[in-house]
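Student: Take a look at this one; I'll ask things after.
Taken together, the values in this text are just the output of simple stated rules run on the coordinates, not laboratory data. Just so it is clear, the model here is predicted, and its values are computed rather than measured. Note that we place each Cβ from the backbone using ideal geometry, even for glycine, and neighbour counts take in every protein chain shown.
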């Protein structure tokens, strides 16, 4: 079989060539790197370039990392991973997938099942998009609870790609820290403070002085809500709960570190 | 604090309802009282974790369960009523998880023991109840009809349930237990609104998510989802959207000026809480129902319609 590639532009036109991977069903679920395509290809003297000539590079993983699977399963949020049979109902019902095509719960769970960190790493930027609406968990026929699996995914990301998380997900991490500090440290959420600190962290202080924000703040000062936010104190005796929660989290961290050999 | 009487229920206000969402808090109390149940706030409540602590194992479950312990110890009530869907989710998630997993229950009880605030251990025998489901099942549609003095004739309402009121059924038991709402097509709010004399519109986004959880970090997603919901409701002819969750209010109401700026006038529609409409129909004034608290200005349309 003689295969030759020739430059279409020099050979004078020919059939129109499709966009890369254009005719693949559910194209959005496949990364560009995984598509093999020959636009101008001649086999045994026949020009076969065109729509049929698209191949998806095999994604079969043979190196299962069972320890990774067990690690996910041990967390409260990822405890149901062993139930997943990859039917795809989670991705089909996902609120976020239509907005961010690369957000694909089914694929994330598959990669976590296999322990394929190399693949997972490619999705650091979208892994935090889950809105926690639980449509996936509602419709999952095996009650895997994909919505909480996305929390497990966040744990994986933080543990194995801490540097990338720090740079690429700086804002997400900072907002999460504001929440956690307030919930554990103060026992209650101060919504005004939460909003202003988050805006500051994302460098949007100017926006807070904008017409819309100013209008809302003015309204709340006028009708007294702003002051009720300021007045909201801590629960009594919160310090004992705070200490107990912190100790628990510290223990959790120590176990995790000793397992990771840190 | 005294134990509850028969016509009282333990109530968890959460962080939003005592501050910026006081309209929801106060109207819920007014409406419940009118229907024959007094909501009694539990003292010393703490934050439910608002979905941000889920990856922290037992710590995330300790947060809501501490409030369940307060309800039981101080008010003698196993159950706790709440108006926020996020709180409702966090409570029912924690209760069900410790019910079904002994290890997690033990871990939570270890935190309780260390904090030393309560003498006995936590036993998962109570339930968290969303105010809509609570009023529907305890008092029913007939009780609503009985109390209506000013029917909302001619008002078209788009009922918006959002996500966590009915999902996931593994925690909410919608579809699974008798007397619970449907997960995909909830009806309780529809029935309440119709009992008030209002007309409900079908617009297809009743159980869609508002993206409220990521609103700070990922405005784009939230705004797009909100804009879809508002414009669909508007197209279906709704005068207002009725909510049952303060987080939805944060996304749909507080952010509406920004959403309109981005997506245009199609995304402009007054937002109210279900309980505010109930209060209005029960004869309370617009001031008592605190409609002026809403950023999206429902007062205009209510005045136009003559309420």
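Student: Would you mind putting B:228-237, A:141-150, B:79-88, A:56-65 in packing order, based on average other-beta-carbon counts within 10 Å, highest first?
Tutor: By packing density, highest mean first, the sequence is B:79-88, A:141-150, B:228-237, A:56-65.
Student: I've got another one for you. Go ahead and estimate [θ] at 222 nm for chain A from helices alone: -39,500 (n - 2.57) per DSSP H run with n ≥ 4, summed, over the residue count, rounded to 500.
Tutor: -13500 deg cm²/dmol
Student: While we're here: State whether segment A:192-262 is rounded, prolate or oblate according to the following rule on the C-alpha gyration tensor (a ≥ b ≥ c being the square roots of its eigenvalues): a/c under 1.5 gives rounded; otherwise a/b larger than b/c gives prolate, and the remaining case gives oblate.
Tutor: Oblate is the answer for segment A:192-262, as a/c is 1.5 or above yet b/c matches or exceeds a/b.
Student: By DSSP, what percent of the beta bridges with both residues in the protein assembly as shown are antiparallel, rounded to the nearest 5?
Tutor: 30
Student: Viscosity 0.890 mPa s, temperature 25 °C: what is the translational diffusion coefficient of chain B from Stokes-Einstein with a Kirkwood Rh over Cα pairs, rounded to a whole number of µm²/s?
Tutor: Reported coefficient: 124 µm²/s.
Student: Once every DSSP H run of n ≥ 4 in chain B is given -39500 (n - 2.57) and the sum is divided by its residues, what mean residue ellipticity at 222 nm do you get, rounded to the nearest 500 deg cm²/dmol?
Tutor: -13000 deg cm²/dmol
Student: What is the distance in Å between the Cα centroid of segment B:184-203 and that of segment A:66-118?
Tutor: Centre-to-centre (Cα) distance: 36 Å.
Student: What relative contact order, as a whole-number percentage, does segment B:143-305 give when Cα pairs under 8 Å and 6 or more residues apart are counted?
Tutor: Taking the mean separation of contacting Cα pairs over the length of segment B:143-305, I get 25 percent.
Student: Now a separate question. Considering only C-alpha atoms, what is the centroid distance from segment B:44-77 to segment B:254-271, in Å?
Tutor: When both Cα centres are located, 35 Å separates them.
Student: Using Cα atoms only, what is the angle between the long axis of helix A:211-222 and the major principal axis of chain A, expressed in degrees (0 to 90) to the nearest 10?
Tutor: 30
Student: How big is D, in µm² s⁻¹, for chain A by Stokes-Einstein at 4 °C and 1.567 mPa s if Rh is the Kirkwood radius over C-alpha pairs?
Tutor: It comes out at roughly 57 µm²/s.
Student: Would you mind pulling out the separation of the Cα centroids of segment B:112-126 and segment A:193-256, in Å?
Tutor: Centre-to-centre (Cα) distance: 28 Å.
Student: Per residue and in cubic angstrom, what volume does the convex hull of the Cα atoms of segment B:189-251 have?
Tutor: Expressed per residue, the convex hull around the Cα atoms of segment B:189-251 is 76 Å³.
Student: Which FRET efficiency, nearest 0.05, do residue A:117 and residue A:231 yield, Cβ-Cβ r, R0 45 Å?
Tutor: Calculated value: 0.40.
Student: Taking the Cα atoms of segment A:66-168, report the difference between the largest and smallest coordinate on each principal axis, in whole Å and largest first.
Tutor: 35, 31, 20
Student: Between helix A:191-201 and chain A, what is the angle of the helix's C-alpha long axis to the longest principal axis, kept within 0 to 90° and rounded to the nearest 10?
Tutor: Tilt of helix A:191-201: around 50 degrees.
Student: Remind me, relative contact order of segment B:72-216 in percent, using alpha carbon pairs under 8 angstrom and six or more residues apart?
Tutor: 26
Student: Diagonalise the Cα gyration tensor of segment B:229-290 and give the resulting equivalent ellipsoid semi-axes, square root of 5 times each eigenvalue, largest first, whole Å.
Tutor: Ellipsoid half-lengths, sorted descending, are 23, 13, 10 Å.
Student: Taking the Cα atoms only, what angle lies between the long axis of helix A:105-114 and the longest principal axis of chain A, rounded to 10 degrees?
Tutor: It is inclined by approximately 80 degrees.
Student: Got the relative contact order for segment B:1-151 handy, in percent, Cα pairs under 8 Å and 6 or more residues apart?
Tutor: 26
Student: Count the DSSP beta bridges whose two residues both fall in chain B, then state the antiparallel fraction as a percent rounded to the nearest 5.
Tutor: 0
Student: When N counts the residues of the protein assembly as shown, how does its alpha-carbon radius of gyration compare numerically with 2.2 N^0.38 Å, as a ratio?
Tutor: Relative to the 2.2 N^0.38 Å estimate, the protein assembly as shown comes out at 1.06.
Student: Give me Rg over Rh for segment B:143-305, both radii from the alpha carbons and Rh done the Kirkwood way, two decimal places.
Tutor: Ratio of gyration radius to Kirkwood radius: 0.96.
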